[in-house]
1. Among 454-460, 167-173, 105-111, how do they line up by average Cβ neighbours within 10 Å per residue, starting with the highest?
2. In the stretch 259-401, if every C-alpha pair distance is counted and binned at 5 Å from zero, what percent goes to each bin?
3. Report the extension gain between residue 400 and residue 430 in nm, rounded to one decimal, defined as 0.36 nm multiplied by the number of residues separating them, less their alpha carbon distance.
4. Can you send over the carbon and sulfur percentage of the accessible area for the chain, probe radius 1.4 Å, protein chains only?
5. Can you work out the accessible area per residue across the chain, with the rest of the protein chains kept in place, probe 1.4 Å, in square angstrom?
6. As a test of reading the structure, rank 231, 249, 72, 462 by solvent-accessible area (1.4 Å probe, protein chains only), most first.
7. Short version: ³J(HN,Hα) in whole Hz for each residue of the stretch 331-337, in order, from phi by Karplus 6.51 cos²θ - 1.76 cosθ + 1.60 (θ = phi - 60°), x for Gly and Pro, what are they?
8. Please list 114, 69 from largest to smallest accessible area, probe radius 1.4 Å, with all protein chains kept in place.
Amino acid sequence: MSDSAVEQRGRLTLDELRDLVVRGLIETVIAGFTDHYGRLLGKRCDAEWFVDEAAAHGTHGCNYLLTTDIDMQPVPGYRFANWQQGYGDFHLVPDLGTLVRASWLDRTALVLCDVADDGGALVPVSPRSLLRRQVDAARDLDFTPYAASELEYYLFQHSYRQAAELDYRGLQPAGWYLEDYHILQGTRNEAFTSAVRRHLKASGVPVETSKGEWGLGQHEINVRYAEALQMADRHIIYKQCLKEVAEQMGRSVTFMAKFASDRAGSSCHIHFSLWRDQHNAFAGSSDLGPVKSSDTFRWFLGGWIAHVPDVMVFYAPVVNSYKRYVDASWAPTRLAWSYDNRTAAFRVVGRGPSLRIECRIPGADCNPYLAFAAALASGLDGIRNRIEPPPCFSGDLYAARHLPHVPARLDEAADRFAGSQFAASAFGADVVEHYTHFFRTEQAAFHAAVTDWERRRYFEQM
């Protein structure tokens, strides 16, 4: 489980950054963190100032950034920050282990930050703090969690500005027929895809493969698995790189979970395994259906499945997320597990040292820190309480109407999260209150909107 030379490529030590700055090869350092949506926010620092000051002492940001809606409007009703408190600062603490060269930007490095208060304590409601807490909980049980995320996206011929000017209607996808695993159609987009593969690899995000997906202009790039926190960091860099390279090429990508009702959704399948003493703790000799596994595996799987309704909001954070769960669309609709079965919400894959659990519920719109935290908290609770998984399902899960459905609406999922004793225990009551307000605000914004569907349906007929 040691880093290979490929995994080290693009990563920088502070001394290496200092040398690049002196030589004029790095002039800017982006100090970033994610908001609730998973967007990268932060500051661009003069590289000399970063090396001399910010690397050791950090920088500041306005705490309203963890209370805004998607349009950056401050939302009232949060205890964490509000108009009454004056929206002060929080501290951005660079995690120098994430320092990389952002090769797609001119003379730029990037570092991800933890969000802390003035006393140096991590802000509990910051997404990266939530995942750190669960990683620490795993270490308390002598486990090291490893994870991977498989991000899908749609590529369009229009730039982001053109898409906005068109009100996101009539956008031309990069492909014109379903291109799942299709080499010829994929070749037509290699100018973009090969560029982002190179940039990711040169920026500390080792790439395995890229391929077409089951949509017009839909693609996936797979990166190597890593320890859970590092993998979530890679996920953030992946999305930022793809969006900015698309911008540079006059194109656009979207990570919406469901871009169009008649097209496949974009997923973020997440894989987890627990390791102890350099060995996969999921591997074992006990029979669980077709899988030979350990008790650790069985209970982790049981807890992960059992707590999906409690933490669904962390897998599917916005109204659009839930429109992806359609039968026979490659998105899961039933809460069950199976071995190497893509109709299952939980697909178990691999054997022995490669044994792992793939959860197919999260969409490409998820915040990886929140989704990973939810998965890890659920699985660890399963281990602590020896939660048994349901029997292994064999067959077409889309046809299994007797099995529980994946939570289907944001408002219902938010209500379940708000009242969940498990969520309060795992994340803290203050975190549950904070994020419940966030998800309910998102739902309320949708309810207040007048949609194209309404105009088409009612303009003349009512």
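The values are calculated or read from the model by the stated rules, or taken from the named source; none is laboratory data. Quantities reported herein were computed from a predicted structural model and do not represent experimental measurements. Please note: Cβ atoms are built from the backbone with ideal geometry, for glycine as well, and neighbour counts cover all protein chains shown. Side chains are part of the model used for accessible areas, which takes the heavy atoms of the whole protein and leaves out ligands, DNA and RNA. Shrake-Rupley method; radii C 1.70, N 1.55, O 1.52, S 1.80 Å.
1. On the way: 454-460: 9.6, 167-173: 12.3, 105-111: 20.0.
Those peptides, ordered most packed to least, come out 105-111, 167-173, 454-460.
2. 2, 11, 20, 23, 21, 14, 6, 3, 1, 0
3. Details: separation 30, 0.36 × 30 = 10.80 nm, distance 3.79 nm.
Once the chain is fully extended between residue 400 and residue 430, it gains 7.0 nm.
4. Values: 10200 of 19950 Å².
The nonpolar share, carbon plus sulfur, comes to 51 percent.
5. Working: 19950 Å² over 462 residues.
In whole numbers, the chain has 43 Å² accessible per residue.
6. Numbers: 231 0, 249 80, 72 60, 462 170 Å².
The most accessible residue leads, giving 462, 249, 72, 231.
7. After applying 6.51 cos²θ - 1.76 cosθ + 1.60, I find 8, x, 10, 10, 7, 7, 10 Hz.
8. Values: 114 15, 69 40 Å².
Most to least solvent-accessible, the answer reads 69, 114.
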